[in-house]
Amino acid sequence: MSATILDGRKVSREIEEEIKSEVDALKAKNKKAPHLAAILVGDDGASQTYVNNKIKACKRVGFEYTLLNFPTTISESKLMTEIERINADEDIDGLIVQLPLPDHISASKVTDRILPHKDVDGFTNENYGRITSKHPGLLPATPFGIVELLKRYKVDIKGKHCVMVGNSRTVGAPMSSIMAYHENATVTVCHIHTVDLAHYTKQADILIVATGKPALITGDMVKEGVAVVDVGITRIPTEDNERGYILSGDVNFEEVEKKASFITPVPGGVGPMTIASLLMNTLKAATTKSTITTEI
Ligand SMILES: Nc1nc(=O)c2c([nH]1)NC[C@@H]1CN(c3ccc(C(=O)N[C@@H](CCC(=O)O)C(=O)O)cc3)C=[N+]21
């Protein structure tokens, strides 16, 4: 059996078309376009690529955007002040602080300072807590994108066994909550400390992997017919190409693809969907502003 590719690039383009027509409709009514602000600290190559991809996506759908690039030496308190300033700026609808941040800055403190209704990455404790509420606010971009991708390919989720490998605050934790509380999957959460990981991954109907460990999941670790979502995207240095690196997911694609019913490629899978979700959240933040924080 050969798997159906969960084509994040294609689906993200479809979502962008939908967003663009909503932006055009806003503009036709003389309303302003949604405005995203992105903060990038330092000059890490991968972070620059990801932020640039986000800015390019804003341009494609007609959003306004502001990119703020600070040196690695910026203090935590100065960064907090910048966030407060953007929080207070009526013109800006959404704010993201690209991670990772330098060691002297607490990522959780900084991201949690973003006003919940401008938190289009869905990283604040407020929006994380709201996953289990009837009014979920803004969902974290990567998990939101993964659910959207699975749904557009009509992958059955309800009642199925979803095994999440990875327990990070940005992906694994919210992803497993969304699968359990919104989508009614049966969820098992594994991570780097799990004893006998294969024991669990073999039982997965849906396997989502976000560990940052290249090719962690091999063919013998999955059952026939599994749907596989690979969140990993590691740059491995090489002299074989101009860029100087190749991208590797957390899944051995060649092996696992033979047994899976569905699988995401890397690149072209989860990455573009994260960006599409960021755009969806920014549109939502711009059009529903005050209600996101008041409804319980
Ligand atoms: N505040 C914050 N929000 C994030 O959403 C966030 C973050 N910090 N820090 C890092 C991770 C990673 N991430 C990616 C986004 C797009 C691609 C993406 O566009 N990937 C392309 C390839 C890009 C390439 O060539 O390197 C693809 O998979 O096809 C990848 C990874 C967002 N993250």
Self-check item: Yes/no for residue 157 being free of Cβ contacts under 8 Å to residues at least 60 places away in the same chain and within 30 Å of residue 89 (Cβ to Cβ)
Solution: no
Quiz item: Among the residues of the stretch 14-50, which ones are of a type outside the set (Gly, Ala, Ser) and either within 12 Å of the ligand (Cβ to nearest atom) or open to solvent by less than 10 Å² (accessible area, probe 1.4 Å) (or both)?
Solution: 15, 19, 23, 34, 36, 39, 40, 41, 44, 48, 49, 50
Practice problem: Pick out the one residue from 214, 174, 143 that is touching a Phe, Trp or Tyr at 6+ places or on another chain (Cβ under 7 Å) and either in contact (Cβ under 8 Å) with a residue 24 or more places away in the chain or outside any strand (DSSP E or B) (or both). | Solution: 174
Quiz prompt | Selection count where residues are open to solvent by 10 Å² or more (accessible area, probe 1.4 Å) and either among the charged types (D, E, K, R) or touching a helix residue (DSSP H, G or I) at 6+ places or on another chain (Cβ under 8 Å) (or both), scope the stretch 158-167 | solution = 3
Exercise. Inspect the stretch 238-255 for any residue being surrounded by 15 or more Cβ atoms within 10 Å (Cβ to Cβ), closer than 30 Å to residue 93 by Cβ, at pLDDT 95 or above and touching an Asp or Glu at 6+ places or on another chain (Cβ under 7 Å) and give the result as yes or no.
Key: no
Exercise. Kindly list the number of the only condition in (1) more than 20 Å from residue 149 (Cβ to Cβ); (2) within 13 Å of the ligand (Cβ to nearest atom); (3) of a type outside the set (Phe, Trp, Tyr) that fails for residue 255.
Key: (2)
Exercise. Tell me, please, whether a residue that is in contact with a Pro (Cβ under 8 Å, 6 or more places away or on another chain) and among the β-branched types (Val, Ile, Thr) can be found in the stretch 162-170.
Key: yes
Self-check item: The one condition in (1) open to solvent by less than 40 Å² (accessible area, probe 1.4 Å); (2) modelled with pLDDT under 95 that residue 95 fails to fulfil
Solution: (2)
Quiz item: Restricting to the stretch 1-55, what's the tally of residues that are assigned to a loop (DSSP other than H, G, I, E, B) and in contact with a Leu (Cβ under 9 Å, 6 or more places away or on another chain)?
Solution: 6
Quiz item: Does residue 250 satisfy the criteria of being within 11 Å of the ligand (Cβ to nearest atom), farther than 18 Å from residue 45 by Cα and either of a type outside the set (Lys, Arg) or within 16 Å of the chain's Cα centre (by Cα) (or both)?
Solution: no
Practice problem: Please work out if residue 208 is open to solvent by 40 Å² or more (accessible area, probe 1.4 Å), under 18 Å from residue 253 (Cβ atoms) and touching a residue at least 24 places away in the same chain (Cβ under 8 Å). | Solution: no
Practice problem: Check whether at least one residue in the stretch 107-123 is surrounded by fewer than 18 Cβ atoms within 10 Å (Cβ to Cβ) and within 27 Å of residue 262 (Cβ to Cβ), and report yes or no. | Solution: no
Self-check item: Leading residue by the ranking (farthest from the ligand (Cβ to nearest atom)) among those in the stretch 90-105 that are touching a residue at least 12 places away in the same chain (Cβ under 8 Å) and charged (D, E, K, R)
Solution: 91
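The values are calculated or read from the model by the stated rules, or taken from the named source; none is laboratory data. Since the structure is predicted, the reported quantities are computational estimates derived from the model, not experimental observations. All Cβ positions, even for glycine, are placed from backbone atoms using ideal geometry, and neighbour counts span all protein chains on display. When the accessible area is computed, the model is the full protein with side chains, heavy atoms only, and any ligands, DNA or RNA have been set aside. Shrake-Rupley method; radii C 1.70, N 1.55, O 1.52, S 1.80 Å.
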